[in-house]
Structure formats: C-alpha cells, structure tokens
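The values are calculated or read from the model by the stated rules, or taken from the named source; none is laboratory data. Worth saying up front: this structure is predicted, and the values here are computed from it rather than measured. Ideal geometry is used to build each Cβ from the backbone, glycine not excepted, and the neighbour counts take in all protein chains shown. For the accessible areas, the whole protein counts, side chains as well, though only heavy atoms, and no ligand, DNA or RNA atoms are used. Shrake-Rupley method; radii C 1.70, N 1.55, O 1.52, S 1.80 Å.
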Amino acid sequence: MKNNIKKIAVLTSGGDAPGMNAAIRSVVRSCAFYKIECVGVYRGYQGMIEGDFKQMDARSVGNIINKGGTILKSARSDEFRTKEGRLKAFHQLKMEGVDAFVVIGGDGSFTGAMIFNEEYDFPVIGIPGTIDNDIYGTNYTLGYDTALNTVVEVIDKIRDTASSHNRLFFVEVMGRDVGHIALNAGVGAGAEEILIPEENIGVDRLIESLRKSKKSGKSSSIVVIAEGDKTGKNVFELAEYVEEHFPFYEVRVSVLGHMQRGGSPSCFDRVLASRMGVKAVETLLEGKSNLMVGVTDNKMLLTELDKAIKGKSKINKELLRVSDIMTI
Ligand code: F6P
C-alpha cells in the first residue's frame, strides 16, 4: 500500500454504543498488523484539543472486545465546533506526530471530522457508532443490534408483569429522530402498536387499534414508542389520554433510557466492529480520506462523509405491515 501515514489516532465521540471497544481494538490491531503507530485519544474531540493521547499497541486492547462503553471515554465537545478549538486540536495532533485519525461516532462526530479535513487537509475516516442506526451509507451502525436485543429482553420482562395484572404498557425507547429501534424491537417483542416518527399514525388510530385488540380478547398489551415520535404528546401524556378512553385499562409507562446504550456487545456488533476497524485503517493506508466505512448487503463499502451526514437512513416499511398482521 502506498501512503505517507506512519501514525493513526483513534477516538470515540458522541453518545457511546456497545461495540465501540471492539472497533478501537480492531483499529489498534490493524495498525500493528501494518506496522504503523497508533494513539488513542481520550474523551473524543475534547481530548484531542487538550492533547489527551495514549500510545496503544496490540496488547493494550486485550480483553475489551466483550466490554460495553468505550475505554477511551466519549464526549460531545462544544469547543471543537469553533475554529479556535479545531486549531488547537490540529496543533496537538502535529505535536504528537499523528498523520490521520479514525473517529467512531455518529453524524455530529462526522461533521466535525469533515470540517477538520476541509480546514487542514487532514486524512480522516469515520466508523458509524450509535445505537440509533440513523446513518446513511450503512445498513447497520455499531451498537444498534445490541440495543435491539437489550430492548427486546426488557420488554419480555415487562410482558410478564403486564399480563399478570392485565395492564397496558407504554414503553419508550431511544432513537433520537428515527424509529429503527422502536420498529424492529417492537416487532421482535410482539408489540400491539409501534409509534415511530417516520409514520405518524395519530392518536385516534392508536385508540382504535387498542379498542380492536381489547375486543379480540386481549387482556394486556404493549405499545412501543420511539422517543422522537410525532403524535405531539409525550409518552406520559399519551398514557393519560388513552386511560381516559379506556377506564377499564390500567396503563403504566416505562421509559427505558440509557440502559439501551450499555452492556456487552452482541456477536453481530463485535464482528461488524472488527470488519469496520480493518477497513478504516486500510482505507487510510490506500491514501483515501473523508469517507465513512459502512456495510451494505454484507459488503464493506465507503461513503463520502458529506453524504453519510446529509443522507437519510430509511426504515423498513414492510415491518409496519408485518406488525399490523401480527396484531390481528
Ligand atoms: O444518539 C444516541 C442517543 O442515545 C439517542 O438515542 C438519545 O436521544 C441520545 O443519545 C441521548 O443523549 P444523552 O446521552 O446526551 O442524553
């Protein structure tokens, strides 16, 4: 491979996601494999600005493939959004002798990388790491599969208590502005209704659907709601509204929150992270930059960061139909 890269930095940025450690391990070991140096940057772009670096070798990433969170820590840096902040980061990278970096994060992290690349012609590659699966150019982001499994496991538990008490549960899941987690976990956990931002069914249809399910003999139900849904009511207001229409139903709300970001990564996320780390390093060594590594139809593909940020990841509408049929 032809290039001038002798030292690569790796950082995790934005919200953490299971599989980030596996991706760090893959980047570090790929560097070792190609006999180039690797440094870890602590606390994302903020650590880059402050020169919080640590030399890493193949042995420094032992026993982390199975760990949730990120050993490098993560942060959302306001300072890196400023020209002055990015200049400080550039000086730190130069002082450390870093020639390129790999950032593991979401679209906010990629925007920072793209601007930095424009300003300093500095080689950068992105690895999509977020439980939201909201990045264009990849079928899967790191952490999404693990988060889905976590949500399904928790809803299974909620189902036990829901059916014991004949209750209706509203379960709010993460996903920011998209409904991937809600839709897939909703189908996987057998939810009665799934509310996602991409397909606003409206409160009336929800009432109608719950009425039908009650009539058909169901005594308990689970409704999965994406945090970004567009009904115009938050999950507690929705629950209250539904309770007014169904006084015979006891309604409870469960907001799953940050537990969805934790835990040991699934095998799928570990394999994906390993593949993405190798591809990221090899892409830099081929002299390419400003790209995101993704997986489409099980093939490793590259997408310009600009497109990855601006493009829309689409939900699988077929799942809405499947869900409707399953809840007959
Ligand atoms: O992007 C990941 C995510 O967990 C979203 O699903 C959620 O909306 C957001 O981050 C929460 O952010 P924070 O950890 O800053 O509260």
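Once the convex hull of all Cα atoms in region 172-328 is built, its volume per residue stands at 132 Å³. Using every pair of alpha-carbon atoms in region 229-284, split the distances into 5 Å bins beginning at 0 and state the percent of pairs per bin, rounded to integers. Over region 229-284, the share of Cα pairs per 5 Å bin runs 4, 14, 12, 12, 10, 8, 9, 9, 9, 6, 4, 2, 0 percent.
On the chain, 49 percent of the accessible area sits on carbon and sulfur atoms, based on a 1.4 Å probe.
Centre-to-centre separation between the Cα atoms of region 280-328 and those of region 174-223: 25 Å.
For ASN166, what is the net charge nearby, where nearby means another residue's Cβ is under 13 Å from its Cβ and Lys, Arg count +1, Asp, Glu -1? Its environment carries a net charge of +3. Here the sum of -39500 (n - 2.57) over DSSP H runs of 4 or more residues, divided by the residues of the chain, equals -13000 deg cm²/dmol at 222 nm, to the nearest 500.
Dipole orientation for the chain: of the candidates SER164, THR303, ALA239, THR303 has the Cα lying most toward the positive pole (charges on Cβ; Lys, Arg +1; Asp, Glu -1). At the residue level, VAL171 shows approximately 0 square angstrom of accessible surface with a 1.4 angstrom probe and all protein chains present.
Looking at the chain only, what percent of DSSP beta bridges run antiparallel? Nearest 5 please.
Values: 11 of 44 bridges.
The answer is about 25 percent antiparallel.
Taking Rh as the Kirkwood radius, which is the inverse of the mean 1/r over Cα pairs, what is the Rg/Rh value for the chain? Using only Cα positions, Rg/Rh for the chain is 1.05.
Across the cross-link table entries LYS35/LYS288; LYS214/LYS314; LYS94/LYS279; LYS7/LYS312; LYS67/LYS317; LYS214/LYS312, which are compared at the Cα atoms, the separations over 29 Å belong to LYS214/LYS314; LYS7/LYS312; LYS67/LYS317; LYS214/LYS312.
With pairing defined as another cysteine C-beta under 4.7 Å, the cysteines of the chain that fail it are CYS267. Counting Cα-Cα pairs of region 145-261 in 5 Å increments starting at 0 gives whole-percent bin shares of 2, 13, 24, 27, 20, 11, 3, 0. Accessible surface area normalised per residue over the chain is 45 Å², counting heavy atoms of protein chains with a 1.4 Å rolling probe.
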